[in-house]
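Enquirer: Dumping the structure here so I can ask a few things about it.
The values are calculated or read from the model by the stated rules, or taken from the named source; none is laboratory data. Fair warning: this is a prediction, and the values are worked out from it, not measured in the lab. So basically every Cβ, Gly included, is an ideal-geometry build from the backbone, and we count neighbours across all protein chains shown. We work out accessible area using only protein heavy atoms, side chains counted, and drop any ligands, DNA or RNA first. Shrake-Rupley method; radii C 1.70, N 1.55, O 1.52, S 1.80 Å.
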Amino acid sequence: MMVRKRKNLFLFAFLLCFLLLLAGCSNGNDAAITPKSEPESESRPDEDDIVIGISQVGSESDWRMMNTKAYMDTFTEEKGYYLIFEDGQQKQENQVKALRKFILKDVDYIVLAPIVETGWDAVLKEAQDAGIPVIIVDRNVSVEDESLYICRVGSDLMQEGRNAGEWLADYLESRGRRNEKINIVTLQGTPGSTAQIGRTSGFAEVMEKHANWNMLEYQSGDFTQAKAYEVMEYFLDTYDDIDVVISENDNMTFGAIEAIKEAGLKLGKNGDIMIISFDAVRDALLLVQKGEIMADFECNPIIAPLVEETIQRLERGEAVEKVQYIDETYFDYRMDIETLLESREY
Ligand code: AHR
């Protein structure tokens, strides 16, 4: 297991970069040294701080904002952490630059929330060669050599998709609609992201057992409300009998609901269209309570404490599991959402 590096090395590397920049000795890679989110006058870690570079996907959804806040709340100065946070703004190239910056700064740990699964081999090898342990969070990476990262901490995104499918099957059964033809459209997340791949394939696995479920079309709304609104408008223009919308996150659900209401259609069990969503953020649960969302499958954004526990174990030289899933549940319109919300953080 990697041993944490000494801070004097960090300071040396940092000072060297700074002097090179001052001397105008550009290596043509300045963007990697000073990306947009870098504060102008950066503070320095204390000698004993654990320095963590976090490369976040972006701020595309309510889930993501909560996920980011949890990192900030967890890796605090008071607890002896020095956090370098980089927002990838939904672009893999920004995330790769951020990782190179972390390597240059010789951080103790890199925490990567990868936007998509592929394209990480080279930069993760650079981190490994530099002796920096990488923890993958939230989504997954698909790399040839799995020793390039220590572990992944996040959701079982495929299971979420399966759970949604099973819920729909049970619901249709309970309504005597088991054999009825059910027309479905899917608003997918960012193509190639684990949240998209997992939820789509998990649901598809259940769909295979139901020949009467008819998937009309898959289209990406990129996990954003604005794109999903447009895609939902297109679905409604194209198909006149949509029974179910599978929306791979809550923000896309918000956009879809807007489009459906504007089209004069009704939502819910006695309406025209039923929506099944993922994330279970507070605003979406309020819509579950109103019956506008039929069921919402939780994707727990509070990953940070489990990441911290993993880092502490690594600090003590302990082994950690390669994949660590976080606990998750689901909510549907038949539950007492009001009471559930009272004790819910997000
Ligand atoms: O990877 C987790 C997904 O990414 C969440 O479902 C979504 O809201 C976010 O953008």
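Enquirer: Please work out which one of (1) in a loop (DSSP other than H, G, I, E, B); (2) open to solvent by less than 10 Å² (accessible area, probe 1.4 Å); (3) of a type in the set (Asp, Glu) is the condition GLU321 fails and give its number.
Expert: Evaluating GLU321 over (1) in a loop (DSSP other than H, G, I, E, B); (2) open to solvent by less than 10 Å² (accessible area, probe 1.4 Å); (3) of a type in the set (Asp, Glu) leaves (2) as the failure.
Enquirer: Please determine, by comparing only the residues of segment 219-257 that are part of a helix (DSSP H, G or I) and small (Gly, Ala, Ser), which one is most open to solvent (accessible area, probe 1.4 Å).
Expert: Out of the qualifying residues, it is ALA226.
Enquirer: If only one of SER193, SER201 is open to solvent by 20 Å² or more (accessible area, probe 1.4 Å) and within 16 Å of the ligand (Cβ to nearest atom), which one is it?
Expert: Result of the check over SER193, SER201: SER201.
Enquirer: Right, here's the next one. So GLU117 fits all but one of (1) surrounded by 23 or more Cβ atoms within 10 Å (Cβ to Cβ); (2) within 16 Å of the ligand (Cβ to nearest atom); what number is the exception?
Expert: The single condition GLU117 does not satisfy is (1).
Enquirer: Looking only at segment 57-93, filter to residues that are of a type in the set (Ser, Thr, Tyr) and more than 16 Å from the ligand (Cβ to nearest atom); which one of those is nearest to ASP283 (Cα to Cα)?
Expert: THR74
So that you can scan it fast, the table gives a plain yes or no per residue for (1) surrounded by fewer than 17 Cβ atoms within 10 Å (Cβ to Cβ); (2) touching a residue at least 12 places away in the same chain (Cβ under 8 Å); (3) not β-branched (Val, Ile, Thr):
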| site | (1), (2), (3) |
| --- | --- |
| ALA259 | no, yes, yes |
| GLU292 | no, yes, yes |
| PHE297 | no, yes, yes |
| GLU309 | yes, no, yes |
| GLU315 | yes, yes, yes |
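Enquirer: Give the number of residues within segment 231-254 that are without any contact (Cβ under 8 Å) to a residue 40 or more places away in the chain and within 16 Å of the ligand (Cβ to nearest atom).
Expert: Total satisfying the criteria: 1.
Enquirer: Can you run down the residue pairs with Cβ atoms below 8 Å, 6 or more apart or on separate chains, where the first is in segment 267-286 and over 17 Å from ARG162 (Cα atoms) and within 12 Å of the ligand (Cβ to nearest atom) and the partner is part of a strand (DSSP E or B) and open to solvent by less than 10 Å² (accessible area, probe 1.4 Å)?
Expert: From residues that are over 17 Å from ARG162 (Cα atoms) and within 12 Å of the ligand (Cβ to nearest atom), the pairs are ALA284/SER277; ALA284/ASP296.
Enquirer: Considering segment 293-313 alone, what residues qualify as being under 22 Å from SER174 (Cα atoms) and touching a helix residue (DSSP H, G or I) at 6+ places or on another chain (Cβ under 6 Å)?
Expert: ILE293, ALA295, ASP296, PHE297
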